[in-house]
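Read the structure below first, then the notes.
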Amino acid sequence: MTKPNPLSAFFKSLYRDEFKWSLIKSIGLFALGIRIAQECAGMELLPNQ
């Protein structure tokens, strides 16, 4: 029998723990929101008429 990969076991433990998984998703979506805001920084949402 082979020993499980420690990296794989680490990520599986993160996924199976509801609190840790929720925290990772929240941080990831927050980082994505920051990235989108940086990309849209120079965009005019309401152009002058």
(request) Using θ = phi - 60° and the Karplus relation 6.51 cos²θ - 1.76 cosθ + 1.60, list the HN-Hα couplings for the range 31-41 in order, rounded to whole Hz, with x at every Gly or Pro. (result) 5, 5, x, 5, 4, 5, 4, 5, 5, 8, 4
(request) Would you calculate the separation in nanometres between label points at Ile27 and Ser13, each defined as 7 Å from the Cα along the Cα-to-beta-carbon direction? (result) 1.5 nm
(request) Calculate one ³J(HN,Hα) per residue across the range 6-18 by plugging θ = phi - 60° into the Karplus curve 6.51 cos²θ - 1.76 cosθ + 1.60, and present them in order as whole Hz with x for glycine and proline. (result) x, 5, 5, 5, 4, 5, 5, 5, 5, 5, 7, 8, 4
(message) Over the Cα atoms of the chain, what radius of gyration and what Dmax do you get, in Å?
(response) 19.2, 71
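Each value in this text was obtained by applying a stated rule to the coordinates, not by laboratory testing. Keep in mind that this is a model prediction, so the values were computed, not measured. With ideal geometry, Cβ positions are generated from the backbone for all residues, glycine too; neighbour counts draw on all protein chains shown.
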